[in-house]
1. Scanning region 17-28 for residues that are outside any helix (DSSP H, G or I) and farther than 16 Å from Phe89 by Cα, which turns out most open to solvent (accessible area, probe 1.4 Å)?
2. Can you tell me which of (1) at pLDDT below 95; (2) crowded, with 22+ Cβ neighbours inside 10 Å; (3) within 18 Å of Tyr145 (Cα to Cα) is the one Tyr14 doesn't meet?
3. What are the residues in region 78-130 that are out of contact with any Leu (no Cβ under 6 Å at 6 or more places or on another chain), open to solvent by 50 Å² or more (accessible area, probe 1.4 Å) and among the basic types (Lys, Arg), if any?
4. Looking at (1) modelled with pLDDT of 90 or more; (2) assigned to a helix (DSSP H, G or I); (3) open to solvent by 80 Å² or more (accessible area, probe 1.4 Å), which is the only condition Val41 fails?
5. Looking at region 44-77 only, could you name the residues that are in a loop (DSSP other than H, G, I, E, B) and buried (at least 20 other Cβ atoms within 10 Å of the Cβ)?
6. Anything in region 109-134 that is modelled with pLDDT under 95 and part of a loop (DSSP other than H, G, I, E, B)? List them, or say none.
7. Please tell me if His31 is under 17 Å from the mean Cα position of the chain (by Cα) and surrounded by 14 or more Cβ atoms within 10 Å (Cβ to Cβ).
8. Which residues, taken from region 131-141, are among the hydrophobic types (A, V, I, L, M, F, W, C) and buried (at least 20 other Cβ atoms within 10 Å of the Cβ)?
Amino acid sequence: MIREKKHRLPRAAYRGNVLVAFTACVADSRHLFTHANAQVVAEFVSHLKRSAAATRCEVPAYCFMPDHAHVLIQGADDLADTWQAMKGFKQLSGYWLGQRPEYQCVWQKDFYDHVTRSNRDVGSQARYIVNNPVRAGLVARWDEYPYSGAFPHDLRDILASASE
């Protein structure tokens, strides 16, 4: 009998003023977030904003790579729930995708996450996320990539706070 290994921290670890880096993959590594599908990214950012607001969270950085998304979610107060923000985002965007069979894509089950040890250096975490397209060879500089951003703060301000 094969058992799935439990890989989540207790739910309390995702609540409050915590900073969590999430990665969600498109099933079968399909390239959904491309220039040809720029409207999909815009829709997904809208779903991310809606879910973050509903769970009292902010998004210091996000980056939609061709076949996956990196999202840095931070609880805005003690009542925030970063895990629910990500879960809600995947539900909203997954439903939207399901209504559009022309994309022939779905999210891969679940997501990866990393709860950071400290909220002090949000800028460094954000810098790592937005530099993914650079490391992948898609662009020379992070600000050339059209599918990265932050809300409600300006991404450039967040990155300026990063320790080098």
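The values are calculated or read from the model by the stated rules, or taken from the named source; none is laboratory data. This one's a predicted model, so the numbers in the text were calculated from it and none came from an experiment. Quick reminder, even Gly has a Cβ in these numbers, built from the backbone with ideal geometry, and neighbours come from all protein chains shown. Accessible surface is based on the protein model in full, side chains and every heavy atom, while ligands, DNA and RNA are left aside. Shrake-Rupley method; radii C 1.70, N 1.55, O 1.52, S 1.80 Å.
1. Of all residues in region 17-28, those outside any helix (DSSP H, G or I) come to 17-26.
Checking which are farther than 16 Å from Phe89 by Cα leaves us with 17-19.
Details: Asn17: 82, Val18: 31, Leu19: 1 Å².
Of everything passing the filter in region 17-28, Asn17 is most open to solvent (accessible area, probe 1.4 Å).
2. Here Tyr14 clears every test but (3).
3. Lys87, Arg100, Lys109, Arg117, Arg120
4. With (1) modelled with pLDDT of 90 or more; (2) assigned to a helix (DSSP H, G or I); (3) open to solvent by 80 Å² or more (accessible area, probe 1.4 Å) applied to Val41, the lone miss is (3).
5. Of region 44-77, the ones in a loop (DSSP other than H, G, I, E, B) are 55-56, 66-67, 76-77.
The one that is in a loop (DSSP other than H, G, I, E, B) and buried (at least 20 other Cβ atoms within 10 Å of the Cβ): Thr55.
6. Across region 109-134, the qualifying residues are Lys109, Asp110, Phe111, Thr116, Arg117, Ser118, Asn119, Arg120, Asp121.
7. Details: under 17 Å from the mean Cα position of the chain (by Cα): yes; surrounded by 14 or more Cβ atoms within 10 Å (Cβ to Cβ): no.
So His31 fails the test.
8. Of the residues in region 131-141, the ones among the hydrophobic types (A, V, I, L, M, F, W, C) are 134, 136, 138-140.
Result: no residue meets the conditions.
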